[in-house]
Amino acid sequence: MDLLRKIESPSDLAELPVEELERLADEVRQLILSTVSKTGGHLAANLGVVELSVALLRVFSPPRDKIVWDTGHQSYAYKILTGRRDAFSGLRQSGGLSGFPCREESQYDAFGVGHAGTALSAALGFAAERDIRNGEEHVLAVVGDASICCGISLEALNNVATSTKRLIVILNDNEMSISANVGAISRYLGSLLSSPRYNRWKRSVEDVATNWLKLGWLRKAYYRTEEALKSLFLRSVLFEELGLRYIGPVDGHNMRALVDALKIARDYDKPILVHVSTQKGRGYHFAESAPDVWHGTGSFDVGSGQPAAAGSEKTFSLVFGEALVAMARDDRQIAAITAAMPTGTGLSEFAKEFPERFFDVGICEEHAATFAAGLAAAGMRPVYAVYSSFLQRAVDCVIHDICLQQLPVTLCLDRAGIVGDDGPTHHGIFDIALLRPVPNLMMMQPSSAGDLTEMLRIAHGHSGPAVIRYPRGRAPAVPHAAALEAGKARVVESNGGAVAIWALGDMLPLALALREKLGAAGIPADVVDALWIRPLDTALLTEQAKRVKLFVTIENGVRSGGFGSELEEYLHSRSWFGPVVRCGWPNDAFVRHGAVADLMKQHGLCADSIAAGIKPLYEESTKGTA
C-alpha cells in the first residue's frame, strides 16, 4: 500500500494520473477488506464505491465542497482518503471511528447519517444556504438506487427545482439495497442501464473516446455528444421533468469515465444527476456472488469467507422467520411485509414458500405500516418485520392508521435495544417510549426462542395491533413448561424477598446476576421475567407491593418513558411510593458505538453498579422494620 501511505488528505489526489488513481483504489479496497475482516462492518456496499469515492475526491474539494452520503454505510473509502487512514483499524470499536459519516468525527463529514433517504433533503439545505449567501462551493448528494425510492428522497426530488440553482446528485446504481431492489423506479433505472440500442452505440464509440480523445476538452465534447444522442434511446424524462439534467449511465469502475463525468457535473450551472453503475462487493468474490449476505458482517477469514466464530443458538430473527412460516402453512390470511430487508429480518424462507403473500416494499417504512393496515382492514393478518430504529419513521402511521382503527397488524421489531458497533443511528432503544402511550396496542418482549414463538401465536389470535420486540443476536433455547398467557409475567426466582427485580427480555441474565450480587450482601430478591409491557401484569405487581420494599426494573431501552416508567406509574396509582430503581439507557445523551458489554459497563448496566445503587436505598427503606 505504498501509494495509499502518501495520501494524507484529498488534495494529494489532485495531480495523480488516472493509472495511479486506479492503483490507489485497489489499495483502498484491500485496506477495507483486511480491516472489516477483523472489526466487522458493512462490506459489500463499501467495496462497490471505492472508485467513485476516489473520483469524487479527485474532482471536488471537501470540506469546502459538501459531499452528503445517503445511508452512510458506503463511506469507508471516503473516510480512509480524508485523513482517517491510520485510525481506520479502530473502525466501529469503542472510542474508534464510527461506521457512518459523523460530524463530530471529521470536518469532511458534512452530514451525519445512518438511515436511508436523507441525503437529498440535507443536500438541498446546504445548497439553499449557499445560494442565499451567493456562495460558490459545490453540493453533492450520493444516493443509492434503493434510497432514491424512499418517500423522503421523492419529496426532496420534487423540491429540487424550487429550492436551489445548483445541485449535483450522484445516483449510485448497484441494483440492490441490502437485498435486491423492488418496485417501478428500480425497474425504470434498470431500463436505463440495459437499453440494447443505446449500449450497442455506446460500446462502438467508447473505445475511440477512451483511447484516442486524449485532450480534456475533446473528452468533454464526447460526453456532451453522448448526452444528446442518449435521449434517442433512453427515457431519462423522469429526472429531467423534476428539474435535474441527466447524464449517464457511467461505469462506476472506470476511473477515467468517472472523473470526466464528474468534471462535467462540476462545471454545469444547474441541478444535474450523474447515473453511476457499480457492482456491490467489487473485488472480493464472496461478496460479489452474495452481496446481500455480505452487506453487514462480523469478523471473518478473508481466504475462506467463513465467520471467525459461529454461535450454536439461532438468532431471534431466524426463530421469528421459522415460526411465521409454520403459522402461515395453517393460515392463508397471514402475510409478511418487510422494508427492503427480507434476509435481515428472517423472512427469506417465507418469501420463497409464500411469494404471493410476501411483500418487500423497499426502503419505505411508513408505506409498509399503512399498507399493512390496508391488508388488515381487508381481512388479512399482516406481520410487518422491521428494525426498531427504522420503525421510528413510521410511528405516525402506526398510531393513525393501525392503532386508531384497532387493526390486527403484528409489528415485529428486530434489533430492539442496543446493537453495539453500528452505534446511535441503529440502537433500537426508543420504541417502548414511543409506542407505550398509544391506545389499543399490545406490546411484549420474549426472553427466549420459545417465548417468541408463543408471542407470535398470541398476537395472531389478538383482535387488535400487537408489537413484539426482540434484540439482535442469539435467542436462548430455554424450554418453558407452560404456554404464555397475555399479560402474565413469569416469576423466575422467588424467596419472598423485600426486593423485586423485573427484567424485560434479554435483560433477564443481568437480573439473575444482580440477584446473586444482592444475595451475597444479605439482600434477598425475587426475579420476574416481565414478558409484557402492555398489558402489564398488575395482579402480580399488586401482590408483591404488599411486602416488597424496593422494585428494580431492567430494560434494553431508554429509562424515561419506558417499561420501568410503566411499572412505577402503576405502583404510584395504587398509592405505593417506595423506591423504584429504573435501569436502562440514558435519555440525556445518545449512546455511542462499541461492543455491547463495554457500553453496558460504561452506562452502569452491570450487576456491581446496580447493586451499589440499591444497597443504600434498601437500607433506608427497611429502617425500623424487624
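The values are calculated or read from the model by the stated rules, or taken from the named source; none is laboratory data. This one's a predicted model, so the numbers in the text were calculated from it and none came from an experiment. Ideal geometry is used to build each Cβ from the backbone, glycine not excepted, and the neighbour counts take in all protein chains shown.
Restricted to region 313-352, and to residues that are assigned to a strand (DSSP E or B) and polar (S, T, N, Q), which residue is farthest from residue 293 (Cα to Cα)?
Here the answer is 338.
Considering each of 117, 95, 99, 112 in turn, give the residue that is crowded, with 22+ Cβ neighbours inside 10 Å, within 24 Å of residue 596 (Cα to Cα) and not charged (D, E, K, R).
99
Is it fair to say residue 369 is of a type outside the set (S, T, N, Q) and over 18 Å from the mean Cα position of the chain (by Cα)?
When the stated conditions are applied, residue 369 does not pass them.
Evaluate region 501-511: report whether one residue or more is modelled with pLDDT of 95 or more and among the β-branched types (Val, Ile, Thr).
Taking every residue of region 501-511 in turn, at least one turns out to be modelled with pLDDT of 95 or more and among the β-branched types (Val, Ile, Thr).
For region 1-40, enumerate the residues that are touching a residue at least 40 places away in the same chain (Cβ under 8 Å), outside any helix (DSSP H, G or I) and surrounded by fewer than 20 Cβ atoms within 10 Å (Cβ to Cβ).
8, 9, 14, 16
Is there any pair with a first residue in region 146-171 that is in the same structural domain as residue 392 (by TED's automatic domain parsing) and a second that is assigned to a strand (DSSP E or B) and modelled with pLDDT under 90 whose Cβ atoms are under 8 Å apart and which are 6 or more apart or on different chains, and what are they?
Partner pairs satisfying both residue conditions: none exist.
Considering region 488-532 alone, what residues qualify as being closer than 22 Å to residue 470 by Cβ and free of Cβ contacts under 8 Å to residues at least 24 places away in the same chain?
509, 512
So which residues in region 353-394 are within 27 Å of residue 424 (Cβ to Cβ), assigned to a strand (DSSP E or B) and among the charged types (D, E, K, R), if there are any at all?
Answer for region 353-394, where residues must be within 27 Å of residue 424 (Cβ to Cβ), assigned to a strand (DSSP E or B) and among the charged types (D, E, K, R): just 360.
Test of understanding: among 65, 86, which residue is among the acidic types (Asp, Glu), more than 22 Å from residue 166 (Cα to Cα) and either at pLDDT 95 or above or surrounded by fewer than 24 Cβ atoms within 10 Å (Cβ to Cβ) (or both)?
86
Residues being under 22 Å from residue 467 (Cβ atoms) and polar (S, T, N, Q): count how many of those fall in region 533-574.
5
Can you tell which of 260, 251 is more than 30 Å from residue 422 (Cα to Cα), touching a Leu at 6+ places or on another chain (Cβ under 8 Å) and free of Cβ contacts under 8 Å to residues at least 60 places away in the same chain?
Being more than 30 Å from residue 422 (Cα to Cα), touching a Leu at 6+ places or on another chain (Cβ under 8 Å) and free of Cβ contacts under 8 Å to residues at least 60 places away in the same chain holds for just one of 260, 251, which is 251.
Being among the acidic types (Asp, Glu) and modelled with pLDDT under 90, is that true of even one residue in region 137-156?
Going through region 137-156, the residues among the acidic types (Asp, Glu) turn out to be 137, 145, 155.
Imposing the further condition that a residue be modelled with pLDDT under 90 reduces the set to 145.
Yes, region 137-156 contains a residue that is among the acidic types (Asp, Glu) and modelled with pLDDT under 90.
Would you be able to tell me the number of residues in region 536-551 that are within 16 Å of residue 582 (Cβ to Cβ) and within 35 Å of the chain's Cα centre (by Cα)?
Summing the residues that are within 16 Å of residue 582 (Cβ to Cβ) and within 35 Å of the chain's Cα centre (by Cα) in region 536-551 gives 2.
With 505, 561 as the choices, which residue is over 22 Å from residue 612 (Cα atoms), crowded, with 21+ Cβ neighbours inside 10 Å and out of contact with any strand residue (DSSP E or B) (no Cβ under 6 Å at 6 or more places or on another chain)? Give the derivation first.
Numbers: 561 fails: crowded, with 21+ Cβ neighbours inside 10 Å.
Step by step, each of 505, 561 is checked, and only 505 is over 22 Å from residue 612 (Cα atoms), crowded, with 21+ Cβ neighbours inside 10 Å and out of contact with any strand residue (DSSP E or B) (no Cβ under 6 Å at 6 or more places or on another chain).
In region 282-299, which residues are over 21 Å from the mean Cα position of the chain (by Cα) and of a type in the set (Phe, Trp, Tyr)?
Residues satisfying the conditions are 284, 286.
Of the numbered conditions (1) touching a residue at least 60 places away in the same chain (Cβ under 8 Å); (2) of a type in the set (Val, Ile, Thr); (3) surrounded by 17 or more Cβ atoms within 10 Å (Cβ to Cβ), residue 302 satisfies every one except a single condition; which is it?
Looking at each condition in turn, residue 302 falls short on (3).
Yes/no per residue for (1) under 30 Å from residue 93 (Cα atoms); (2) surrounded by 18 or more Cβ atoms within 10 Å (Cβ to Cβ); (3) in contact (Cβ under 8 Å) with a residue 60 or more places away in the chain:
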residue: 541; (1), (2), (3): no, yes, no
residue: 547; (1), (2), (3): no, no, no
residue: 567; (1), (2), (3): no, yes, yes
residue: 623; (1), (2), (3): no, no, no
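Is it the case, given these coordinates, that residue 285 is under 20 Å from residue 27 (Cβ atoms) and touching a residue at least 12 places away in the same chain (Cβ under 8 Å)? If you could, list the steps in order and put the result at the bottom.
Details: under 20 Å from residue 27 (Cβ atoms): yes; touching a residue at least 12 places away in the same chain (Cβ under 8 Å): no.
So residue 285 does not fit the description; no.
Kindly check whether there is at least one residue in region 569-578 that is acidic (Asp, Glu), surrounded by fewer than 17 Cβ atoms within 10 Å (Cβ to Cβ) and within 24 Å of the chain's Cα centre (by Cα). Don't jump to the end; show me each part of the working.
Within region 569-578, the subset acidic (Asp, Glu) is 569.
Next, only the ones that are surrounded by fewer than 17 Cβ atoms within 10 Å (Cβ to Cβ) stay: 569.
Adding the requirement that they be within 24 Å of the chain's Cα centre (by Cα) leaves none.
Taking every residue of region 569-578 in turn, none turns out to be acidic (Asp, Glu), surrounded by fewer than 17 Cβ atoms within 10 Å (Cβ to Cβ) and within 24 Å of the chain's Cα centre (by Cα).
Return the total of residues in region 41-82 being of a type in the set (Lys, Arg), touching a helix residue (DSSP H, G or I) at 6+ places or on another chain (Cβ under 8 Å) and outside any helix (DSSP H, G or I). Even if it seems obvious, please write down each step before you answer.
First, the residues of region 41-82 that are of a type in the set (Lys, Arg): 58, 64, 66, 79.
Checking the rest, the ones that are also touching a helix residue (DSSP H, G or I) at 6+ places or on another chain (Cβ under 8 Å) come to 58, 66, 79.
Of the ones still in play, those that are also outside any helix (DSSP H, G or I) are 66.
Total meeting the criteria: 1.
Quick one: residue 472 ticks every box in (1) crowded, with 21+ Cβ neighbours inside 10 Å; (2) among the basic types (Lys, Arg); (3) within 18 Å of residue 380 (Cα to Cα) except a single one, so which number is it?
(3)
Which residue out of 471, 476 is outside any helix (DSSP H, G or I), modelled with pLDDT under 95 and either in the same structural domain as residue 587 (by TED's automatic domain parsing) or within 25 Å of residue 350 (Cα to Cα) (or both)?
476
Take residue 586 and tell me if it is out of contact with any helix residue (DSSP H, G or I) (no Cβ under 6 Å at 6 or more places or on another chain), touching a residue at least 24 places away in the same chain (Cβ under 8 Å) and either surrounded by fewer than 17 Cβ atoms within 10 Å (Cβ to Cβ) or not acidic (Asp, Glu) (or both).
yes
So is residue 396 surrounded by fewer than 19 Cβ atoms within 10 Å (Cβ to Cβ), acidic (Asp, Glu) and under 27 Å from the mean Cα position of the chain (by Cα) or not?
So residue 396 fits the description; yes.
Any residue in region 374-385 that is in contact (Cβ under 8 Å) with a residue 24 or more places away in the chain sitting within a Cβ distance under 7 Å of a residue that is among the acidic types (Asp, Glu) and not in a loop (DSSP other than H, G, I, E, B)? List the pairs, counting only those 6 or more apart or interchain.
385/414
Tell me, please, whether a residue that is outside any helix (DSSP H, G or I) and buried (at least 24 other Cβ atoms within 10 Å of the Cβ) can be found in region 430-437.
No, there is no match, as no residue in region 430-437 is outside any helix (DSSP H, G or I) and buried (at least 24 other Cβ atoms within 10 Å of the Cβ).
From the list 554, 533, 523, which one is in a loop (DSSP other than H, G, I, E, B) and either of a type outside the set (D, E, K, R) or under 30 Å from the mean Cα position of the chain (by Cα) (or both)?
523
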